[in-house]
Amino acid sequence: MLGLLYNGTLVTWGMNKEYQANIPPCCGANITDVSVGTNFAVALKGGRVYGWGSNSRGQVTIPLAAQKDVVAISSGYAHTLALKSNGSLVCWGNNAEKQCNIPKTAIGVTQAVGGQDFSLALLKTGKVIGWGSNRL
C-alpha cells in the first residue's frame with residue numbers, strides 16, 4: 001500500500017515482493033499524486049512521473065512525454081495514464097488489450113483512470129470514453 005499525507009510525504013506498508021514499498025530518494029517529499037498497480041507504484045512530483053517496483057510490462061519505464069507538464073496519474077493492473085496540463089493523455093505499460101491505445105477523441109481530458117485492462121477518460125464536455133478490454 002502507498003499513501004500520500006497532506007504534507008506531500010509518501011508512506012508505505014504491506015507486501016514488498018517487487019520493492020514497491022521501497023520509496024526511492026526522488027519521492028520522499030513534495031508529491032502531489034500517487035497511484036499503484038500490481039506490484040508497482042508511480043508518483044507525481046513537479047509535473048514529472050516517477051515509478052518503482054515491478055517493471056515486467058514496462059509499467060515503470062516512464063516515457064519522455066510523462067516527464068513534464070503532468071497534472072494527474074492513474075494506474076491499472078500493469079499500465080499507467082498521465083494527464084497533461086493541456087488535456088492530453090500519455091499511457092505506458094501493458095497494452096495487451098489496447099488499454100494504452102488512446103483514442104483520437106480523447107481531447108480535453110479532465111480526469112482519467114486505469115482499470116484491470118481498460119482505461120477511461122472524462123472529457124471537458126462531460127462525456128466519458130473508454131478503450132481496452134470490454135469483457136466482464
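The values are calculated or read from the model by the stated rules, or taken from the named source; none is laboratory data. Here the structure is a predicted model, which means the values were calculated and not measured. Methodologically, a virtual Cβ is constructed for each residue, glycine included, from the backbone with ideal geometry; neighbour enumeration extends over all protein chains shown. Quick note on the areas: whole protein, heavy atoms, side chains included, nothing else; ligands and nucleic acids left out. Shrake-Rupley method; radii C 1.70, N 1.55, O 1.52, S 1.80 Å.
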Select from the range 69-101 the residues that are open to solvent by 50 Å² or more (accessible area, probe 1.4 Å) and either in a strand (DSSP E or B) or of a type in the set (Ser, Thr, Tyr) (or both) and write down the one among them that is nearest to GLN20 (Cα to Cα).
TYR77
Could you please find all residues in the range 26-52 being farther than 21 Å from VAL71 by Cα and open to solvent by 40 Å² or more (accessible area, probe 1.4 Å)?
THR38
Kindly provide the set of residues from the range 102-120 that are in contact with a Cys (Cβ under 8 Å, 6 or more places away or on another chain) and either open to solvent by 20 Å² or more (accessible area, probe 1.4 Å) or closer than 19 Å to LYS68 by Cβ (or both), ordered by number.
ILE102
So, TYR6, is that one part of a loop (DSSP other than H, G, I, E, B), open to solvent by 60 Å² or more (accessible area, probe 1.4 Å), free of Cβ contacts under 8 Å to residues at least 24 places away in the same chain and of a type in the set (Phe, Trp, Tyr) or not?
yes
May I ask you to verify whether ASN134 is modelled with pLDDT under 95 and among the polar types (S, T, N, Q)?
yes
